[in-house]
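What follows is one structure encoded as structure tokens, with my remarks underneath.
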Amino acid sequence: FPHLKELELHDTAVTGDIRDIGVHDFPALESLCLPDTVHGGSEYKFQQISKVPSFMHTVHLLLQRTPTLFPKNCLSTAFNWTLSEDSPTFTRTKQCQCVHMQ
């Protein structure tokens, strides 16, 4: 799809892996939104922390090509990744009780 400018798949059942998107795929793409059913998509839950660097490398390469590819060009809101509670490396911590001072 050499002329595709926007790929919005957030509310779909599409599966796959963000690492399969090469820097030469979708050359005209200006906006990309992937669901959590795609490995590395928005709100994806990692099973292992050790997998995160390869995902970040792919995101870095895509952002080098198109700096505005993800919403607001902000990785924390574009992906919002977490470690799955089913992960063997998941550790539950106590909730922080924040005090707001005025």
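A 1.4 Å probe, protein heavy atoms only, puts the accessible area of His3 near 150 Å². Accessible surface of Asp20, taken over heavy atoms with a 1.4 Å probe and every protein chain present, rounds to 120 Å². Largest first, the residues Ser31, Ser42, Ser50 sort by 1.4 Å accessible area into Ser50, Ser31, Ser42. Taking amide H as placed 1.01 Å from N in the peptide plane, the amide H of Trp81 sits under 5 Å from that of Glu43, each at least 5 places away or on another chain.
The values are calculated or read from the model by the stated rules, or taken from the named source; none is laboratory data. All values reported here derive from a predicted model rather than from experimental measurement. Keep in mind that these areas ignore ligands, DNA and RNA; they rest on the heavy atoms of the full protein, side chains included. Shrake-Rupley method; radii C 1.70, N 1.55, O 1.52, S 1.80 Å.
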